[in-house]
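Only one structure is covered here, and it is reproduced in the block below.
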Amino acid sequence: MQQDYGTLYVVATPIGNLRDISLRALDILASVDCIAAEHIDLTRHLLSHHGIHTSLMTLHQHNEHLVAEKIANLLASNQNIALVTDAGTPCISDPGAMLIHLLRSSGHRVVPIPGPNAAICALSASGIRSNSFFFYGFLPVKSGERKRCLTSLTTFPPCTLIFYEAPHRIVECIKDMIVIFGTHRQITLARELTKVFETFHTDNLENTLQWLLADENQQKGEFVLLLPPVFE
Ligand code: SAM
């Protein structure tokens, strides 16, 4: 690698509270030549909150390959680029991995700038006493496939299972979990982390379903689902 190639910085951004961003991340976002962002408007909102005016380009799952070439060319002309997504750490249930794979394969320098991640944020404040966890991310959208995935996890060694779920699927997802794991399996729902309506709810699956059904407001927003291990 020649000395005068640029660097791609993989920058974690807040998952809600705009102040949850590291000083180093702000330095990088202010000093790079361009920021590749999933949704420019969302990232511009974050940047203007911190008085940063760096130019932006769009990178999402449908144009990642195309933009990867453009970014490789910019790095080759000694420009530094930052990659961010809408919230949290890029490549964690978010785009970016294909870009980074391509850049690393051709010898480019890629530097992580660590910060927020919804799964770790939820786990850290859940009170679950288990050292090991398995991060699944989003389960399949269709119930049949979702149940098949959940079934495959029943043979896992004991560990906390962590999922992301969208608000319009949360009730259906819990119903499928009841079918596969039984009504008494414990769950923690971590909702709207770092935001005004941040909620942690811990109970068994059946009671959690009833709690969600009893108040539609509890079905709104963003969710992390944590299922602690069952020790036989
Ligand atoms: N890259 C992100 C990260 O590092 O956590 C995850 C992006 S993924 C597209 C978005 C999902 O993450 C949401 O559907 C939700 O499951 C979870 N999530 C993101 N922000 C959250 C928040 N503030 N509270 C709870 N869950 C959140």
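The numbers here are math on the coordinates, done by the rules we state, and not lab data. All values reported here derive from a predicted model rather than from experimental measurement. Quick reminder, even Gly has a Cβ in these numbers, built from the backbone with ideal geometry, and neighbours come from all protein chains shown.
So here's what we get for this one:
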quantity	calculated
Region 71-141: relative contact order as a whole-number percent, Cα under 8 Å and 6+ apart	27
Region 98-156: trypsin sites (Lys or Arg not before Pro) in DSSP coil with no more than 15 other Cβ atoms inside 10 Å	R129, K142
Rel. contact order, % - alpha carbon contacts under 8 angstrom, at least six apart, the chain	21
The chain: mean projected area of Cα convex hull, nm²	13.9
Under Karplus coefficients 6.51, -1.76 and 1.60, residue-wise ³J(HN,Hα) of region 208-221 in Hz, glycine/proline x	5, 4, 5, 5, 5, 5, 6, 8, 4, 4, 6, 9, 8, x
Compactness of region 8-103 as Cα Rg over 2.2 N^0.38 Å, two decimals	0.98
Hydrodynamic radius (Kirkwood) for region 125-201, which is based on Cα pairs only, to one decimal in Å	13.5
Within the chain: Cβ-based charge dipole about Cα centre, in debye rounded to nearest 20 (Lys, Arg +1; Asp, Glu -1)	320
For region 88-104, 3J(HN,Hα) per residue [Karplus equation, 6.51 cos²θ - 1.76 cosθ + 1.60, θ = phi - 60°, Hz, x = Gly/Pro]	x, 8, x, 6, 9, 6, 8, x, x, 5, 5, 4, 5, 4, 5, 5, 5
Under 5 Å, built H, 5+ apart or other chain: amide partners of E165	F223, L225
Listed pairs K175/K220; K142/K220; K147/K195 exceeding 24 Å between Cα atoms	K147/K195
Long-range amide H partners of L56 with built H, under 5 Å	I35
